[in-house]
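Take a look at the structure set out below.
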Amino acid sequence: MNINEIYHLSDYDNVLIVDENGITIFYDLADLNILKQLGLRPEEFLRKNVTSFYQNFTNEDSTLMTVLSTGEALWNIEQRLTSTNGFSYLSKSATFPIKKGDSIIGAIEFSKHFYEKQDMEKLERFADHKIYRKNNTIYTIDNLISESTVMQEVKNKISKVSNTDSTVLIYGETGTGKEIVAQSIHNLSTRYTQPYISINCAEIHEDLLEKILFGTEKDSSTLTPVITGLLEQANGGTIFLDEVNALDIKLQARLLKVIEDKTIRRVGSNQDIHLNIRLIAATNEDPDKLVSEKGLREDLYYRLSVFRIDLPLLAERKEDIRVLTNYYIQFYNRHMQMKIDHIEDDVLLVFQQYNWPGNVRELKNAIETAYNNASTKNITLNDIPSKISKFKNKLVNILKSDKLINLKDKVEEYERGLIVLELQHTGGKLAETARRLGISKQLLKYKMEKYELR
């Protein structure tokens, strides 16, 4: 490929990569609306054969499959593509083999899509510039890593409410995943091709919040410029207001009017602007307590909590600790300049005992700390934060100690140790742990409370 050919690749908007079998492994589209018209969600476009998205499309018809077969690049190929749901458009592409030595291990295609008038009418909205490729999110429901029943219930709620435009109130302490839940709702909804705007109301000075949310009208006398507020920027999509109780009472009243009337008025303007947005709000304090203490308007609370999602503490879903730990090890193996192959059982045991006041975020940070401290490919107790490692198995310390201890204390410590070990073996699954110990689940919960294991 010469320099002129490389230059002409800038004419294309989209990138698609398949493996040696024609299975999609990466894509970057100038506009997600094209997936919507194909009848696909973003995650559904991956890990499928590239020919499966179109009607009567064979390996011989596909530029990607042809390049995989011949090993020769194809330039400026025009094709009329019709999706399985009947949507049709013209594609112009340049396709190249990806080689490792003499073997073809994949293919990459650069393309640009062209639409006729009748096709254009089907598309709801196109990005103003091809650099605008995303909807401002990085999470989907798949990022809620869990095996616990309580989190499965949360996921079920997310799936249900995403099919509506109802306001949602998320309640969860710091680090429980409120932002992930909000983005998951947006990305599962029909608004996923539209903007997602997020703001933490507690991080902005109250004197600026009104202008940031509602925008300002130009005023030559005060030199106030036109500012498009975040509510207006989110038009067509979703706005997420974290720590919504940080809004003062005046702004809470204005927000209530936005929800009820679907209109806003910029600061300094007398003109209403009609909006089509979904509002999701969150708080890390008990909403009912906030209402009783006048920190949250009661009428706003009722409008926000048409659908409410309460997120559990990590201490309430300890059966998820093992799967979360494995997930973050895989995550940092991809993002750090080292690879961890193993985490010692003592570390997992401590993770089960620790109460995680910072919730999932604290667990993620603990794994990152371990990566920075580890001198081998194993994570040991010496690698994790000291405030966590001090919760090592007390049974070992007591049995090794020369200190006098009465029989009752020793029995309780032994019992506690057995429960901790079985929780470790089962990955924190209470029913399975109770079965292995030969006790009821209710008795196990009682003993976990007694020994501060929850």
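The values are calculated or read from the model by the stated rules, or taken from the named source; none is laboratory data. Bear in mind the structure is a predicted one, so any value in this text is a computation, not a measurement. Don't worry about glycine lacking a Cβ; one is built from the backbone with ideal geometry, like all the others, and counts go over all protein chains shown.
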Candidates Leu68, Leu90, Leu38 - the one that is of a type in the set (A, V, I, L, M, F, W, C) and under 32 Å from the mean Cα position of the chain (by Cα): Leu38
Close pairs from the range 89-115: first in the same structural domain as Ile25 (by TED's automatic domain parsing), partner at pLDDT 90 or above and of a type in the set (Asp, Glu), Cβ under 6 Å, at least 6 apart: Ser93/Glu109; Thr95/Glu109; Ile105/Glu20; Gly106/Asp19; Gly106/Glu20
Matching residues in the range 317-345 - criterion: being modelled with pLDDT under 90 and crowded, with 16+ Cβ neighbours inside 10 Å: Lys318, Glu319
Subset of the range 246-299 (residues that are in contact with a Phe, Trp or Tyr (Cβ under 8 Å, 6 or more places away or on another chain) and closer than 18 Å to Leu208 by Cβ): Arg254, Ile264, Arg265, Arg266, Val267
Which listed residue is charged (D, E, K, R) and either assigned to a loop (DSSP other than H, G, I, E, B) or under 28 Å from Leu430 (Cα atoms) (or both), from Asp165, Asp207: Asp165
Thr216 surrounded by 19 or more Cβ atoms within 10 Å (Cβ to Cβ), in the same structural domain as Arg303 (by TED's automatic domain parsing), more than 21 Å from the chain's Cα centre (by Cα) and not charged (D, E, K, R): yes
Number of the condition not met by Val150 [criteria: (1) in a helix (DSSP H, G or I); (2) more than 21 Å from the chain's Cα centre (by Cα); (3) surrounded by fewer than 22 Cβ atoms within 10 Å (Cβ to Cβ)]: (2)
Any hit, the range 48-57, residues being assigned by TED's automatic domain parsing to the domain that holds Ile25, in a helix (DSSP H, G or I), at pLDDT below 90 and over 16 Å from Leu35 (Cβ atoms): yes
Checking Lys289 against (1) outside any loop (DSSP other than H, G, I, E, B); (2) free of Cβ contacts under 8 Å to residues at least 12 places away in the same chain; (3) not assigned by TED's automatic domain parsing to the domain that holds Lys262, the condition it does not meet: (3)
Filter pass, Asp272 being without any contact (Cβ under 8 Å) to a residue 12 or more places away in the chain and more than 29 Å from the chain's Cα centre (by Cα): yes
Selected residue (only one of Ile280, Ile259 is in the same structural domain as Lys160 (by TED's automatic domain parsing), surrounded by 15 or more Cβ atoms within 10 Å (Cβ to Cβ) and not in a helix (DSSP H, G or I)): Ile280
Members of the range 172-194 that are among the hydroxyl-bearing types (Ser, Thr, Tyr) and either closer than 18 Å to Gln152 by Cα or not in a loop (DSSP other than H, G, I, E, B) (or both): Thr176, Ser184
Restricting the range 83-131 to residues that are part of a loop (DSSP other than H, G, I, E, B) and hydroxyl-bearing (Ser, Thr, Tyr), the residue that is modelled with the lowest pLDDT: Tyr115
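The rows are residues; the columns are (1) outside the structural domain of Thr167 (by TED's automatic domain parsing); (2) in a loop (DSSP other than H, G, I, E, B).
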site: Lys294; (1), (2): no, yes
site: Tyr302; (1), (2): no, no
site: Asp320; (1), (2): yes, no
site: Leu324; (1), (2): yes, no
site: Gln330; (1), (2): yes, no
site: Asn333; (1), (2): yes, no
site: Gln337; (1), (2): yes, yes
site: Ile340; (1), (2): yes, yes
For Phe307: the one exception among (1) at pLDDT 95 or above; (2) within 30 Å of Val226 (Cα to Cα): (2)
When residues of the range 275-303 are limited to those that are more than 23 Å from the chain's Cα centre (by Cα) and of a type in the set (S, T, N, Q), the one farthest from Asp261 (Cα to Cα): Ser292
Residue count for the range 152-184, restricted to those that are of a type in the set (A, V, I, L, M, F, W, C) and closer than 24 Å to Ile321 by Cα: 6
For Arg80: the one exception among (1) within 30 Å of Pro195 (Cβ to Cβ); (2) surrounded by fewer than 16 Cβ atoms within 10 Å (Cβ to Cβ); (3) at pLDDT 85 or above: (1)
Among residues of the range 422-441, those that are part of a helix (DSSP H, G or I) and either loosely packed, with under 14 Cβ neighbours inside 10 Å or of a type outside the set (Asp, Glu) (or both), counted: 11
The lone exception for Tyr196 - which of (1) touching a Gly at 6+ places or on another chain (Cβ under 9 Å); (2) of a type in the set (Phe, Trp, Tyr); (3) surrounded by fewer than 22 Cβ atoms within 10 Å (Cβ to Cβ) it fails: (3)
Of all residues making up the range 55-85, the number that are touching a strand residue (DSSP E or B) at 6+ places or on another chain (Cβ under 7 Å), more than 17 Å from Ile108 (Cβ to Cβ) and without any contact (Cβ under 8 Å) to a residue 24 or more places away in the chain: 2
Test result for Leu231, surrounded by fewer than 19 Cβ atoms within 10 Å (Cβ to Cβ), among the aliphatic types (A, V, I, L, M) and outside any strand (DSSP E or B): no
